[in-house]
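To keep things clear, I will list the structure first and then write my remarks on it.
The values are calculated or read from the model by the stated rules, or taken from the named source; none is laboratory data. Because the structure is predicted, anything quoted here is derived from the model rather than measured. Note that we place each Cβ from the backbone using ideal geometry, even for glycine, and neighbour counts take in every protein chain shown.
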Amino acid sequence: MDPAADRDWSGALRAGDFERAWRISDRSLLDYCASGAIKHSGERHQQRIWRGEALAGQRVLVRCYHGLGDTIQFVRFARPLRALARRLVLWCQPELIPLLRRVDGIDALLPLHDGTPEVDYDVDIEIMELAHALRASPEMIVRGVPYLRPGSAAGLRTDASDGTLSVGLVWQAGGWDQRRAVPARALGRLGALSGITLYSLQLGAGRNMAATIPAKDIAAPDLETLAATIMGLDLVITVDTMVAHLAGALGANVWTMLHANCDWRWPTAGRSTIWYPTMRLFHQARPGDWDSVIADVAEAVKAFGAGDRAQIGAKLQGSASLR
């Protein structure tokens, strides 16, 4: 094997070569332990990573101190972890707690804060380390979807009762990464398509663009309401943000628009991702070129219909049969 490839953790995950990724992670973990770094020092954002402690038969605390999308993506591993552990406590972002109460494998949920968790545990691990700790395989990842379920909250009502396709849009991930922001000018091409009704799921600073696309604003800051709203739409089209993970975890039809140097969790080419069988990917060919992405999406929307939905349903049914 190329020595460089055997150090490329991101490349291994992009390629779906999880065995190679975990070998690389093993070496990093050994180097970390050899450094003598101290665990649990300082506030939660400064606490150190899992050091390889056994999880079987233990009371495991799972910490979630990255983004909401990261927690949603990796909470799929609660069920296989709980099959090993004696107890699983998820220390997570407060806004996610109502949604995650229905995830299989979680015994208790605690709201995340800076400081020490108010619970007894034997082993703690950051949620994004679970895939490594469990030696996750492609089969383990695929067969767990969907793993989120909407609750009793009612989704915000759409008015696409005339047979048009109801499409939810998210065009900005936040001011911290402008590479994940699609300009209103480009999105306007979707508004010009016939047979669809656009709805804005966008929160934050970019929300004021909804009227210029145009898209009816049905964004919901409450995540249970947002989940129910997503399930009431025919399709969600979004940039790489929390909504992409939420829709994928729910098993909804979701198309994710990726910038040219996309995050490690996505392949650099192709339409599919192992993480979410109902997700379709649309990549920038060149940095900043959203026009070609939107043109590609627009053509796909025209072709989107019963055939696509039936195929997605078959994928989910197949993954469920592997559980």
Output for segment 242-264, where each listed residue is modelled with pLDDT under 95 and within 12 Å of the chain's Cα centre (by Cα): D263
Looking only at segment 146-163, decide whether some residue is assigned to a helix (DSSP H, G or I), among the hydrophobic types (A, V, I, L, M, F, W, C), farther than 19 Å from G248 by Cβ and outside the structural domain of A252 (by TED's automatic domain parsing). no
Could you tell me whether segment 239-261 includes any residue that is closer than 25 Å to Y147 by Cα and surrounded by fewer than 19 Cβ atoms within 10 Å (Cβ to Cβ)? no
For residues in segment 272-320 being farther than 15 Å from H259 by Cβ and among the aromatic types (F, W, Y), which is modelled with the lowest pLDDT? F304
Considering only segment 195-209, I want to know if a residue exists there that is surrounded by fewer than 21 Cβ atoms within 10 Å (Cβ to Cβ), closer than 21 Å to S292 by Cα, touching an Asp or Glu at 6+ places or on another chain (Cβ under 8 Å) and not assigned by TED's automatic domain parsing to the domain that holds R101. no
Among the residues of segment 88-99, how many are closer than 24 Å to R143 by Cβ and surrounded by fewer than 21 Cβ atoms within 10 Å (Cβ to Cβ)? 0
Anything in segment 267-297 that is of a type in the set (A, V, I, L, M, F, W, C), touching a residue at least 60 places away in the same chain (Cβ under 8 Å) and within 18 Å of P138 (Cα to Cα)? List them, or say none. I274, W275
Within segment 100-121, take every residue that is in contact with a Phe, Trp or Tyr (Cβ under 9 Å, 6 or more places away or on another chain) and of a type in the set (V, I, T) and give me the one that is surrounded by the fewest Cβ atoms within 10 Å (Cβ to Cβ). V119
Search result, residues across segment 277-295 that are aliphatic (A, V, I, L, M) and in a helix (DSSP H, G or I): V293, I294, A295
For residues that are free of Cβ contacts under 8 Å to residues at least 24 places away in the same chain and in a helix (DSSP H, G or I), scanning just segment 59-100, find the one that is nearest to G144 (Cα to Cα). I97
Scan the helices (runs of 4 or more DSSP H) fully inside segment 171-276 and keep the ones with 2 or more residues being hydroxyl-bearing (S, T, Y). 223-231
Taking segment 117-136, which residues are in contact with an Asp or Glu (Cβ under 9 Å, 6 or more places away or on another chain), in a loop (DSSP other than H, G, I, E, B) and either within 19 Å of L30 (Cβ to Cβ) or at pLDDT 90 or above (or both)? D122, R135
Residue that is more than 19 Å from G204 (Cβ to Cβ) and among the aliphatic types (A, V, I, L, M), where the choices are A249, A244, A220: A249
Do you know which residues across segment 1-36 are surrounded by fewer than 12 Cβ atoms within 10 Å (Cβ to Cβ), modelled with pLDDT of 65 or more and part of a loop (DSSP other than H, G, I, E, B)? S35, G36
